[in-house]
1. For Thr116, Thr218, what's the largest-to-smallest order of accessible area, 1.4 Å probe?
2. Taking loop as defined by DSSP and a crowding limit of 16 other beta carbons within 10 Å, which trypsin sites (Lys or Arg not before Pro) in the range 140-233 fit?
3. Mind ranking Ile98, Ile93 by accessible surface for me, highest first, 1.4 Å probe?
4. Kindly work out what percent of the DSSP beta bridges joining two residues of the range 161-268 are antiparallel, to the nearest 5.
5. Can you list the residues, at least 5 places off or on another chain, whose amide H is less than 5 Å from the amide H of Ala147, using H built in the peptide plane?
6. From the phi angles alone, apply the Karplus equation (6.51, -1.76, 1.60; θ = phi - 60°) to the range 106-122 and give each ³J(HN,Hα) in whole Hz, x where the residue is Gly or Pro.
7. What helices does the chain have that are whole DSSP H segments, at least 15 Å long along their own axis by Cα, and with mean Kyte-Doolittle hydropathy of 0.0 or more?
8. Assuming 0.36 nm per residue, please report the length gained on full extension of the stretch Val185 to Arg203 beyond their Cα-Cα distance.
Amino acid sequence: MEFTKMHGLGNDFIVVFGEKQLPADAAELAVKWCNRFFGIGADGLVYILPSEKADFQMRIMNSDGSEAEQCGNAIRCVSKYVYDHGHVDREQITIETIGAGVQPVTLNIRDGKVETVRVDMGEPILDGLQVPTTVDANPVVNHNIEANGHAFKFTAVSMGNPHAVIYVEDAVNFDLTTWGPLLEVHPMFPKKINVEFATVRDRGYVDMRVWERGAGPTLACGTGACATLVSSVLNGHTDRTAVISLKGGDLNIEWNEADNHVYMTGPAEVVFKGFTS
């Protein structure tokens with residue numbers, strides 16, 4: 001099978017095009033191929049499939065074999081792939097996701113290739129039970145949570161997948177590997193959770209580091225960046241447009257007041273192509 005290795009700010013994927021539907025063994029393949037020592041190496045395995053609702057459908061298997069409802073970095077990679085390979089010839093396309101429905105995408109083309117991608121990520125879900133969390137509130141802002149005797153406060157946001165945003169003194173040097181795994185599986189989160197640790201620098205700039213559900217620490221998370229911006233607005237920390245700075249680079253995020261949609265703009269890159277054995 002032919003694949004293309006791609007990344008969005010270092011959040012990397014094995015992208016497969018040409019299947020008619022999600023293979024029955026997709027979970028096993030994700031675990032095998034995403035292994036960074038015995039496989040290709042990636043945070044996830046992404047299939048670009050036909051869609052009856054959009055130009056294409058995107059299905060994402062995490063490196064642990066679980067399926068992600070949505071992925072902001074992956075959707076930018078998928079959008080670049082289909083344009084650069086001539087499967088679409090328009091700068092406005094749509095991608096179907098299983099968690100966030102059909103999402104409109106605007107492609108910024110330079111020298112015949114996609115340079116950056118702007119994705120309409122839709123409206124954030126703020127109702128605690130729908131995120132889902134066990135907290136019956138709308139929104140869930142600055143809510144207490146305890147892990148291994150340590151107290152945190154989180155704000156819950158779903159961007160088609162669940163996120164808990166926690167503000168810390170120094171997100172860049174925060175101990176992800178200790179607290180990320182504990183919070184991911186906390187009983188307060190029935191379907192587990194993506195955890196963002198954030199530090200607000202000013203009203204237009206936030207440092208963020210992420211522990212992704214099913215993948216662990218990654219260099220970037222597009223939906224996490226969107227959740228962080230929404231959380232920061234709800235907590236009064238930032239304006240509705242801000243740069244969310246991740247370990248792999250920066251994303252420009254806007255929570256538009258007129259339509260309540262969140263817009264994400266950032267790059268996508270090809271690393272290499274190959275064939276699986």
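1. Details: Thr116 40, Thr218 15 Å².
Ranked list, largest accessible area first: Thr116, Thr218.
2. Details: sites: Lys153, Lys191, Lys192, Arg201, Arg203, Arg209, Arg213; in loops: Lys191, Lys192, Arg203, Arg213.
Listed in order of number, the matching sites are Lys191, Lys192, Arg203.
3. Working: Ile98 85, Ile93 5 Å².
Solvent-accessible surface, decreasing: Ile98, Ile93.
4. Beta bridges within the range 161-268, antiparallel portion: roughly 70 percent.
5. Sorted by chain and number, the residues that satisfy this are Phe152.
6. Going residue by residue, I get 10, 9, 9, 9, 9, 6, x, 10, 6, 9, 9, 10, 10, 10, 7, 7, x Hz, with x marking Gly and Pro.
7. Working: long enough: 72-84 (18 Å, -0.15); 222-234 (18 Å, 1.41).
Qualifying helices: 222-234.
8. Net length gain for the segment: 3.4 nm.
The values are calculated or read from the model by the stated rules, or taken from the named source; none is laboratory data. This is a predicted model, so every value here is computed, not measured. In this analysis, Cβ positions are derived from the backbone assuming ideal geometry, glycine residues included, and neighbour counts consider all displayed protein chains. Just so you know, the surface numbers come from the protein's heavy atoms only, side chains and all, with ligands and any DNA or RNA stripped out. Shrake-Rupley method; radii C 1.70, N 1.55, O 1.52, S 1.80 Å.
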